[in-house]
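First comes the structure, then the notes that go with it.
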Amino acid sequence: MTITAPLAPTTVGQSLQDRVALVTGGTRGIGAAISRSLVGAGATVAAAYAGNTIRARDFLDECRSEFGTENERVTAHQSDVGSADHCRRLVADVVERHGRIDILVNNAGITIDRTAARMTDDDWQQVLDVNLSGPFYLAQAALGRMVERGSGRIVMISSVIGETGNIGQANYAATKSGLFGLTKTLAREAAFQLAKSGRQDPYGPGVTVNAVTPGFIATDMLEHIPAKVLDRIVGQVPLGRLGRPEEVARLVRFLADDASAYITGQVWGVNGGLDM
C-alpha cells in the first residue's frame, strides 16, 4: 500500500476550464451567484429556470457584459424540475448543446409555508416534487454519464432549515433534510459504480456528491418576511448578519474543483454559525 500520495494535479480555480455545469434555479439569487462563479472559473454554464423568461434574458445579458463573452459559455434552459420527464429532458438538452455534463448543482427550490395542521396535500407534494424529487431525477440522469467518464461533481443546495426545522415549513424542512440522505447515498453509489466499472483512479478527480446548507441569505426569497421578523432572525445569527449569495457560490466552486476529489458525502454549512 502506498502511504505517500502524489501531489494533487490542480489547485482550486484552475480545473474548471472546459467543464460544463448545469445549475438549476441558476438565473437568480444563490443560483445566479453560483453560475457566475463557475463561469468565472472557466466553466461553461447551462442555467436552468422555471418560468421567468425576462429574468433569464437579463441574466444572460449580465453574464455577457461581465465576462465579455458572446459565445455559448452561458446558456439558459427553461424546465420544470418538479417533473421527472422534464429533468431527464433537461440533462439530455444540455448534453446535446454542450457535449457533456461535468458538474450538476441542484439549487432550484420553492416554499409553500403553512403549519402542518393547515397544509394541503398539494402544498406538501409540490414542494417535495421540486425540492427533493427533482434533484434525484437530475442526479440519476447525470450520474451515469459521470461514472462512464470517470469524473463528475454533484452539489445539492439544501438549507439550514433541514437541520433545525422551522414553524410553518414542514414540507420545506423535510425536503432539505431529505437531501442529506440522498447526498450520502449517491456519494457511496458513485464510488461503488466507479470501482465496479474499473474507472476508479485513486488520485484522479473521481465522482463526488456533496451538500451545501445555506442559512439566511440576502435574496428575494426573504422579501416577504416582515422587517421585525427578519431583525429577530438576524439577531439569532452569531455573526450578526445575513449571508451573501457569493459566499455560498464560493463553496460550491470549491467543491466543483478537481482538487476537491477527496471530499464526498459531506454536508457543508454556510450559515454564520446559526447551526453548529
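The values are calculated or read from the model by the stated rules, or taken from the named source; none is laboratory data. No experiment lies behind these values; they were computed from the predicted model shown. Because the Cβ atoms are built from the backbone with ideal geometry, glycine has one as well, and the counts that use them run over all protein chains shown.
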Can you tell me how many residues in the range 84-124 are touching a Gly at 6+ places or on another chain (Cβ under 8 Å) and small (Gly, Ala, Ser)? 2
Report yes if residue 176 is within 29 Å of residue 115 (Cα to Cα) and touching a helix residue (DSSP H, G or I) at 6+ places or on another chain (Cβ under 7 Å), otherwise no. yes
Return the only residue of 81, 130, 105 being in a loop (DSSP other than H, G, I, E, B), closer than 30 Å to residue 272 by Cα, within 15 Å of the chain's Cα centre (by Cα) and among the hydrophobic types (A, V, I, L, M, F, W, C). 81
The helices (runs of 4 or more DSSP H) lying wholly within the range 158-276 that contain at least 1 residues that are small (Gly, Ala, Ser), touching a residue at least 12 places away in the same chain (Cβ under 8 Å) and surrounded by fewer than 17 Cβ atoms within 10 Å (Cβ to Cβ) are 170-197
Determine, yes or no, whether residue 205 is modelled with pLDDT under 95 and closer than 19 Å to residue 104 by Cα. yes
Restrict the check to the range 54-61 and report whether at least one residue is under 30 Å from residue 128 (Cα atoms), surrounded by fewer than 14 Cβ atoms within 10 Å (Cβ to Cβ), of a type in the set (A, V, I, L, M, F, W, C) and without any contact (Cβ under 8 Å) to a residue 60 or more places away in the chain. yes
Which residue out of 245, 205, 214 is in contact with a helix residue (DSSP H, G or I) (Cβ under 6 Å, 6 or more places away or on another chain) and more than 21 Å from residue 16 (Cα to Cα)? 214
Residues of the range 16-37 satisfying the condition of being among the hydrophobic types (A, V, I, L, M, F, W, C) and outside any helix (DSSP H, G or I): 16, 20, 21, 22, 23
Of all residues in the range 108-125, which are farther than 26 Å from residue 212 by Cβ, outside any loop (DSSP other than H, G, I, E, B) and in contact (Cβ under 8 Å) with a residue 24 or more places away in the chain? 114, 116
